[in-house]
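The values are calculated or read from the model by the stated rules, or taken from the named source; none is laboratory data. Keep in mind that what you see is a predicted model, and the values were worked out from it rather than measured. We place every Cβ from the backbone using ideal geometry, glycine too, and count neighbours over all the protein chains shown.
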Amino acid sequence: MDDWKKRLDDFFQKKTAYEQKLAEDRQKAASAHAQQFSLVAALFDSTINPAFEEVRSELLKHRSEPNIVLAHPSARAGSRLASALEIDEGFTRFGYEIYARISPTGYSLNTRVQVDNYETARHDLAQSLLSNTSSKSDIINDVVERYMKAITAQL
């Protein structure tokens with residue numbers, strides 16, 4: 001066999017091996033991402049969403065009209081999952097969101113709190129990292145504390 005034919009044959013063998021390894025690596029990453037996403041979805045279903053529902057039901061007893069948007073199985077795609085609670089108090093709107101950023105190697109939970117005062121045109125936005133081990137009670141207490149602080153500042 002001529003030298004150039006052998007070099008060309010070696011090149012295509014290496015190229016095929018490289019492409020196969022890339023495909024295997026992508027499959028492993030996709031599988032790891034799906035596993036992390038499953039963990040996060042279970043956390044939303046078991047802890048975060050029930051916490052928001054509990055706060056919402058208590059607020060309804062006090063004539064507040066909270067809107068709640070929960071992470072829904074049909075909306076689960078990509079690298080982010082979120083649930084939010086919004087409360088419109090007339091001149092003030094309070095929003096509290098927990099969102100997860102998901103990668104093949106893990107996830108982080110974050111909160112975003114937004115307060116809008118329509119009377120003074122003031123807008124506050126605060127973000128923070130939430131512990132991945134937060135309990136339902138921890139979440140409820142954080143929502144209530146931030147809500148009361150935001151509304152008290154408006155009184």
Fill in: Meets criteria (within 17 Å of Phe37 (Cα to Cα), in contact (Cβ under 8 Å) with a residue 12 or more places away in the chain and not small (Gly, Ala, Ser)) for Asn110
yes
Discussion item. Is it the case, given these coordinates, that Ala100 is in a strand (DSSP E or B), in contact (Cβ under 8 Å) with a residue 60 or more places away in the chain and within 16 Å of the chain's Cα centre (by Cα)?
Written reply: yes
Worksheet item: Just a yes or no: is a residue in the range 59-70 surrounded by 14 or more Cβ atoms within 10 Å (Cβ to Cβ), of a type outside the set (Gly, Ala, Ser), in contact (Cβ under 8 Å) with a residue 40 or more places away in the chain and under 30 Å from Thr152 (Cβ atoms)?
Response: no
Fill in: Exclusive hit being surrounded by 11 or more Cβ atoms within 10 Å (Cβ to Cβ) and at pLDDT 85 or above, set Phe44, Phe91
Phe44
Discussion item. Regarding the range 71-84, can at least one residue be identified that is in a loop (DSSP other than H, G, I, E, B), modelled with pLDDT under 90 and of a type in the set (Lys, Arg)?
Written reply: yes
Discussion item. Against the definition (touching a helix residue (DSSP H, G or I) at 6+ places or on another chain (Cβ under 9 Å), aliphatic (A, V, I, L, M) and over 19 Å from Ile68 (Cα atoms)), how does Leu109 come out, yes or no?
Written reply: no
Worksheet entry | Residue satisfying condition, being modelled with pLDDT of 85 or more and farther than 16 Å from Arg56 by Cβ, within set Thr120, Thr105, Thr133, Thr152 | Thr105
Worksheet item: Just one of the numbered conditions (1) of a type outside the set (S, T, N, Q); (2) in a helix (DSSP H, G or I); (3) more than 19 Å from the chain's Cα centre (by Cα) is not true of Ala42; which one?
Response: (3)
Worksheet item: How many residues, within the range 48-58, are of a type outside the set (Phe, Trp, Tyr) and crowded, with 18+ Cβ neighbours inside 10 Å?
Response: 5
Practice prompt. Given the conditions (1) assigned to a strand (DSSP E or B); (2) in contact with a Phe, Trp or Tyr (Cβ under 9 Å, 6 or more places away or on another chain); (3) more than 18 Å from Ile68 (Cβ to Cβ), report the number of the one that Glu119 does not fulfil.
Written response: (1)
Discussion item. Going through Ser79, Ser31 one at a time, which residue ends up being touching a strand residue (DSSP E or B) at 6+ places or on another chain (Cβ under 9 Å) and small (Gly, Ala, Ser)?
Written reply: Ser79
Worksheet item: Where residues in the range 18-41 are of a type in the set (S, T, N, Q) and surrounded by fewer than 15 Cβ atoms within 10 Å (Cβ to Cβ), which of them is nearest to Ser135 (Cα to Cα)?
Response: Ser38
Discussion item. Please determine whether any residue of the range 12-21 is closer than 20 Å to Ile102 by Cβ and part of a helix (DSSP H, G or I).
Written reply: no
Worksheet entry | Thr111 being touching a Lys or Arg at 6+ places or on another chain (Cβ under 9 Å), hydroxyl-bearing (Ser, Thr, Tyr), at pLDDT 90 or above and outside any helix (DSSP H, G or I) | yes
